[in-house]
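Notes to accompany the following structure.
The values are calculated or read from the model by the stated rules, or taken from the named source; none is laboratory data. All values reported here derive from a predicted model rather than from experimental measurement. Note: ideal-geometry Cβ built from the backbone for every residue, glycine included; neighbour counts use all protein chains shown.
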Amino acid sequence: MSYAAFQTEIGRINDILCSVNLLSWDARTVMPHGGVDSRGRQIATLTSLARDLATGDTLRRAMDEARHDATPDALRALDLAAAEIATLTRIPPALIGELASLKTAAHAAWAEARAANDFATYAPLLTRMIAMQREIGQALGDNPYDALIGLYEPGMTQARLAVLFGELKAALVPLIEKATAAAQPRTDFLTRSYPIPVQKAFALKIAARMGYDLNRGRLDDTVHPFEISFTRNDVRITSRFRETWLPGGMFALWHEAGHGMYEQGVDPAYTRSIFATDLANLYAVGGASFGMHESQSRLWENRVGRSRSFWELHFPELQAHFPDQLSDVTAGEFWAAVNQVRPDFIRVEADELTYDLHIILRCEIEAALMSGDLAVRDLPAVWAEKMRAYLGREVPNDTLGVLQDVHWSQGYVGSFPTYTLGNIMSSQVFKAAQAQPAIAAGLAEGDYAPLHGWLQHEIYAHGRGASPAQTLQKVAQGPLDTAPYIADLTRKVADLTG
Ligand code: ZN
C-alpha cells in the first residue's frame, strides 16, 4: 500500500514532466516563432511545480513509509528517487530561477551571434552561464566539472575521461592521416536531387524494420534532429532532410530511432516508479545514462547503418526508390561515400573518425572553463588552436567554430563527453551482440529482430534501473573499454583504403 502511494505521487510528477516534454516538442517542431516567450514561461511554471512536488512532504512521507516493506526492486527505485531529490535540493532555488530565464536569453543571443558571426555580443551571456554552471557544480561536489559530468554520466570523472581520450587520440590521429592520404571515394551522387518524401519513405521503412514501433511513435521535421518521449507509448523522433544531400536525413533518422527504441522498450514497472525526466537537467532520459542512451543511437546509425554488409543488403532497395539518380552507382561506392573521412569544422556533420576529436576539443575547453584557467573572451583563440592541432584546419570564422553548438547557451556543460562515451559503448555492446549466432545470422540477411530483441531484453527493459557500469558489465562482461571501438574504426579504414 505504501509503495503504491509512492508510485501515485511519482506518477503525478511524471504527468507534469511529460507535459513539459510535449510543450518542448511542439516548440521545436511546429510552434510559430511568436510563441517563444510565453512558451518559456509555461515550461518554467510546470517545471517549478514538478520541483515543488518532488521536494515536498507528500512524496517524502510516501518514500519513508514505502521503505518498510520494500522489495529489492522497489528499494532501488526509492534510492534513485532519493538521490535525484538530494541533487535537486543542493542546487540553490535562486540559481534555478535565474537559470531558466538565462537559458531563453542566452539561446536568442547565441542564435543571433551565430547568424552574424559575432561572438562578442554573445560573450557576456555565456560568461554568466559559465559562472552559473560553476556555481551549480560547486554546490554538487568538490570538483565542479566532475559534478556536472556526473549529472549526465553517473560515476564518470574528468580523470577517467583523460585516460579514455588519450587512448582515442593516439589511435584516431594516424587512422585519419591514413584515410585522408588514400585515394578518395566518389561522392558526386550524394548531392543529386532526391525528393524528400521518397527519402523519408525509405528511411522510415528501414527504421521500422530495425524495430522502431510507429504505432507508438512518429516522425516530424526539425532544424536539429532529436528524440523525445511522453510515455513509453508515445516516443517521437525528428529529422532534417535536404533534397540535395542524401545521407543527412536518413542517418539522423536512424540515430534518433535508436534513442526511440530504447525509450519504447523500457519496462512499464520502471516508468511508474522513477522520474520520467532527470529533474536536475530537465531532459528526458529513460536509459541508464546519457552515454548509454547515445550508445544505442550510434549502434543503429553507425555500427549497423554504416556497415558494408548493410549497404550490400539495402542499396538495391534505395536504388529502387531513386532509379534515375543512382543508376550509375554500386553498393560498394555508396558505402564508401557515406563513410568518407574528411576533417572539417562542423561536429554534427563529422564522419566517424574525426567526430570524437571534435568532442575531445570541447571537453578540454569545458574543463578549463570550469577550473577558471580559461576565460570566455579567450574561447575563439583556444578553439582555433585546438582545431589546428587535432584536425589540421584553420577556422575561418566563429560561426564555423565556437558558435556552432547550442549546448552551452542551454547550460549543458558536462554533457559533451557522453557522445564519445556512447561511441565507445556502442562497439562494446555490438561486439557482444554479434557473438550471438542468431543475431549474426539475422544481420547477414537484414533481419534485425534478433538484435532488437536482445537489446530489448539486455538494455532497454531496465531503463534507469541499472547504472551504466552495471549495464556494461552485464552486457559486455567488462568496464568501459576503447579497444572494440578502436578495432571497429581500424577495420573500417583498412576496408576504405583497400
Ligand atoms: Zn544522440
Filtered residues of the stretch 339-348 (kept if surrounded by fewer than 18 Cβ atoms within 10 Å (Cβ to Cβ), assigned to a loop (DSSP other than H, G, I, E, B) and of a type outside the set (D, E, K, R)): GLN340, ILE346
Among residues of the stretch 179-205, those that are assigned to a helix (DSSP H, G or I) and farther than 30 Å from GLY265 by Cβ, counted: 7
Residue within the stretch 349-368 that is surrounded by fewer than 19 Cβ atoms within 10 Å (Cβ to Cβ), part of a loop (DSSP other than H, G, I, E, B) and of a type outside the set (D, E, K, R) present: no
Members of the stretch 283-325 that are closer than 19 Å to ALA257 by Cβ, assigned to a loop (DSSP other than H, G, I, E, B) and within 13 Å of the ligand (Cβ to nearest atom): VAL285, GLY287
Residue selected from the stretch 486-498 under the condition in contact (Cβ under 8 Å) with a residue 40 or more places away in the chain and hydrophobic (A, V, I, L, M, F, W, C), by the criterion surrounded by the fewest Cβ atoms within 10 Å (Cβ to Cβ): ALA487
Candidate set: the stretch 83-127, residues that are of a type in the set (D, E, K, R) and crowded, with 16+ Cβ neighbours inside 10 Å; chosen: the one farthest from GLY56 (Cα to Cα): ASP118
Hey, GLY446 away from the ligand (no atom under 16 Å from the Cβ), in contact with a Phe, Trp or Tyr (Cβ under 7 Å, 6 or more places away or on another chain) and not aliphatic (A, V, I, L, M) or not: no
Positions within the stretch 63-82 being under 14 Å from PHE275 (Cα atoms) and surrounded by 15 or more Cβ atoms within 10 Å (Cβ to Cβ), in sequence order: MET63, ALA74, ARG76, ALA77, LEU78, LEU80, ALA81
Residue match in the stretch 457-465 (condition: without any contact (Cβ under 8 Å) to a residue 60 or more places away in the chain and more than 16 Å from the ligand (Cβ to nearest atom)): yes
Hits in the stretch 24-34 - residues which are part of a helix (DSSP H, G or I) and surrounded by fewer than 14 Cβ atoms within 10 Å (Cβ to Cβ): ASP26, HIS33, GLY34
Single residue of the stretch 376-399 satisfying the filter (of a type in the set (A, V, I, L, M, F, W, C) and touching a residue at least 40 places away in the same chain (Cβ under 8 Å)) that is farthest from ASP146 (Cα to Cα): VAL395
Total residues in the stretch 282-307, condition over 12 Å from the mean Cα position of the chain (by Cα), buried (at least 24 other Cβ atoms within 10 Å of the Cβ) and at pLDDT below 95: 2
The stretch 372-389: number of residues that are out of contact with any Phe, Trp or Tyr (no Cβ under 8 Å at 6 or more places or on another chain), aliphatic (A, V, I, L, M), within 20 Å of ASP118 (Cβ to Cβ) and not in a loop (DSSP other than H, G, I, E, B): 4
Which numbered condition LEU496 misses (of (1) closer than 27 Å to ALA147 by Cα; (2) modelled with pLDDT of 95 or more; (3) in contact with a Pro (Cβ under 8 Å, 6 or more places away or on another chain)): (1)
Any strands (runs of 3 or more DSSP E) falling wholly within the stretch 206-281 and containing at least 2 residues that are of a type in the set (Val, Ile, Thr), within 15 Å of the ligand (Cβ to nearest atom) and crowded, with 19+ Cβ neighbours inside 10 Å: 234-239
Test: residue in the stretch 319-331 that is over 19 Å from GLN199 (Cα atoms) and surrounded by fewer than 17 Cβ atoms within 10 Å (Cβ to Cβ): no
Test: residue in the stretch 180-201 that is farther than 27 Å from PRO316 by Cα, in contact with a Cys (Cβ under 8 Å, 6 or more places away or on another chain) and modelled with pLDDT of 95 or more: no
Matching option when the condition is of a type in the set (Asp, Glu), touching a residue at least 60 places away in the same chain (Cβ under 8 Å) and under 28 Å from SER409 (Cα atoms), among ASP26, ASP37, ASP52: ASP37
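Each row is one residue, and each column tells you yes or no for (1) touching a strand residue (DSSP E or B) at 6+ places or on another chain (Cβ under 6 Å); (2) of a type in the set (Phe, Trp, Tyr); (3) closer than 14 Å to TYR262 by Cα.
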| site | (1), (2), (3) |
| --- | --- |
| ALA182 | no, no, no |
| THR187 | no, no, no |
| ILE206 | no, no, no |
| TYR212 | no, yes, yes |
| ASN233 | no, no, yes |
| ILE237 | yes, no, yes |
